[in-house]
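Structure first, commentary second.
A short reminder: the numbers here are calculations on the coordinates, not readings from a lab. Please read all numbers here as calculations on a predicted model, not as lab measurements. Quick reminder, even Gly has a Cβ in these numbers, built from the backbone with ideal geometry, and neighbours come from all protein chains shown.
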Amino acid sequence: MRTRVERHGDELIARRRLPAAPERVWAAFTSPASIAAFWGGSHADVPPDSVTVDLRPGGEFALDTRAPDGRTGRLRFVYVSVDPPRELVFDEPVTGLRTTVTLRSARDGTELTVHQRKLPPELRTDQAADGLASILDALAAHLPPDDDGDSSDPSNPA
């Protein structure tokens, strides 16, 4: 299964079902080692020692990317809201891009939605949508299914 991404003006909305509990998906989005493992998707590598996380509103996370052609870049984001394991909101201060990561428990894991708003014109492209899908596909590969075969919320027998 591939990530579904929709483009609407200055917004990208990506959806993906993951066979892991929300707590594990949350940990992947907030742990430096996990961020390094999936953030570059298929279009860049992220050196693990470049990832820093200060997980609190006003804190930031940052990472370096290295493209296959050797180009490098530093990405920096500031956390706006941290609500484990349900929602993470962060801004890219240079462009104003806001990303909201929403995790919802599902019978077989987690429904993940990534909603990016205020995309700068250079990111309102199919290439940017493909890049976001690639990152979430890499996240899915990084998170194997939960061991017990049932990653649903044990307090919810539905």
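Looking only at region 7-26, residues that are at negative phi, more than 11 Å from the chain's Cα centre (by Cα) and either surrounded by 16 or more Cβ atoms within 10 Å (Cβ to Cβ) or touching a residue at least 12 places away in the same chain (Cβ under 8 Å) (or both) come to 13 in all.
Of all residues in region 58-73, none satisfies being touching a residue at least 12 places away in the same chain (Cβ under 8 Å), of a type in the set (Val, Ile, Thr) and more than 23 Å from residue 130 (Cβ to Cβ).
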